[in-house]
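Below is one structure, written out as C-alpha cells, with a few remarks after it.
The values are calculated or read from the model by the stated rules, or taken from the named source; none is laboratory data. Predicted, not measured: the structure shown is a model, and the values here were computed from it. Note that we place each Cβ from the backbone using ideal geometry, even for glycine, and neighbour counts take in every protein chain shown.
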Amino acid sequence: MSSVSPNPQNKAVLVTGAAKRLGREIALEFARQGWDVAVHYGRSEAEALATVEQIRSLGVGAHAFQADFAKEVDVDALFSAVIRVFPNLQCLVNSASIFEYDRASAPTVLRAEMMHHHMQVNVIAPMLLSQRMYGAQQHQSQREGGRLHADVVPAIIQVLDQKLINPNPDYLSYTLSKSALLASVELLAMDFAPYLRVVGLAPGISLPSGNQSADDFHKAHQLTPLNKSSTPNDIAKAAVFLAGAGAITGTTLYVDGGQHLMSSERDVMFKTNSSSSNY
C-alpha cells in the first residue's frame with residue numbers, strides 16, 4: 001500500500017461506513033477536493049484498505065480505522081484514534097448504518113433485537129461521535145483563547161433517507177432509527193453552535209439493496225418527478241458542498257430527484273422487485 005502522510009494543514013474528514021457503497025463514494029469525493037480522509041469500517045477490512053489506497057493515489061492522506069458500532073467502547077476509541085492521526089478534523093459524516101427488513105404487521109420479522117441493533121448503530125453511535133466532535137472543537141477553541149479557528153465552522157453531516165418525509169411502513173426499525181437521527185439535526189445544531197454546524201443529507205434510492213436485481217433497481221430509480229433519483233456521485237458532491245457551506249446548519253438537504261414528493265404505501269424497491277416476497 002502506498003503511503004501519503006496526513007498533512008496537518010489539510011482539512012480532514014471522518015466518514016463512517018466508508019469501505020463500501022455511499023460512504024466510499026463520499027470519502028473519495030472529499031479526497032478529490034483535497035481533504036485528508038479517515039476511513040471507518042466495521043467488518044469490511046479489505047474494501048476499506050482498497051479505499052484508502054485509492055484515496056492516497058489522489059495525493060492526500062488516508063487511514064483506515066476499525067470499529068464495531070454495536071459496542072460503545074469501540075465508538076469512543078474510534079474518535080480518539082482518528083483525532084490523533086488527523087488533528088485538523090473539520091467534518092464528521094455519519095454514513096454507516098444497517099438496513100434490514102421488518103414491519104409491525106409482520107410479527108415474524110419484527111424482533112426487539114433488530115430494533116435495538118438499528119438504534120445502536122444508526123443513532124447511538126452517531127450521537128456519541130457527534131458529542132466527541134463537539135468536545136474536540138470546543139477544547140480547541142478554548143485552547144486558542146476562545147477564537148473559532150476555522151474559516152468555515154466545522155460540520156457534522158447526518159446521512160438520512162428521503163422516506164423520512166415520505167413514510168411507508170416497510171423497514172420499520174430502520175425508519176425509526178433514521179427518524180431519530182433526523183431529529184438530532186436541529187437539536188444538535190442548537191446545542192453545538194457556534195463550534196459546530198449540524199446538517200442532514202437525505203438520499204433517494206441510489207444503489208441496489210438486498211436481492212434487488214439491476215433491472216429492478218433501474219425501474220425503481222426512475223420513479224421520481226425527474227425520472228431519475230440520486231446517484232452516489234450526487235450524494236458525495238452534496239456532502240462536500242455541505243461541509244463548506246458555512247451558513248447552513250440545523251436543516252436537511254434532500255438529494256433524490258424529487259422522490260420524496262411521490263407518496264407510496266410500500267418502499268420503492270417493493271414496487272419493482274419481482275423477486276421480493278409480499279410481507
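For the range 29-41, the set of residues classified as of a type in the set (A, V, I, L, M, F, W, C) and surrounded by fewer than 22 Cβ atoms within 10 Å (Cβ to Cβ) is empty.
Scanning the range 42-59 for residues that are closer than 22 Å to residue 122 by Cβ and touching a strand residue (DSSP E or B) at 6+ places or on another chain (Cβ under 9 Å), we see that the one that is surrounded by the fewest Cβ atoms within 10 Å (Cβ to Cβ) is 43. Can you pull out the residues in the range 30-55 that are under 22 Å from residue 79 (Cβ atoms) and in a helix (DSSP H, G or I)? Once the filter is applied, which keeps residues that are under 22 Å from residue 79 (Cβ atoms) and in a helix (DSSP H, G or I), the range 30-55 yields 30, 31, 45, 47, 48, 49, 51, 52, 55. Summed over the range 60-79, the residues that are out of contact with any strand residue (DSSP E or B) (no Cβ under 8 Å at 6 or more places or on another chain), touching a residue at least 24 places away in the same chain (Cβ under 8 Å) and of a type outside the set (Phe, Trp, Tyr) give a count of 5. When 220, 155 are screened for being at pLDDT 95 or above and small (Gly, Ala, Ser), only 155 passes.
Counting only residues that are at pLDDT 90 or above and under 17 Å from the mean Cα position of the chain (by Cα), which one in the range 246-270 is farthest from residue 164 (Cα to Cα)? By that ranking, first place goes to 249. Total residues in the range 243-263 satisfying the condition of being buried (at least 22 other Cβ atoms within 10 Å of the Cβ) and assigned to a helix (DSSP H, G or I): the figure is 2.
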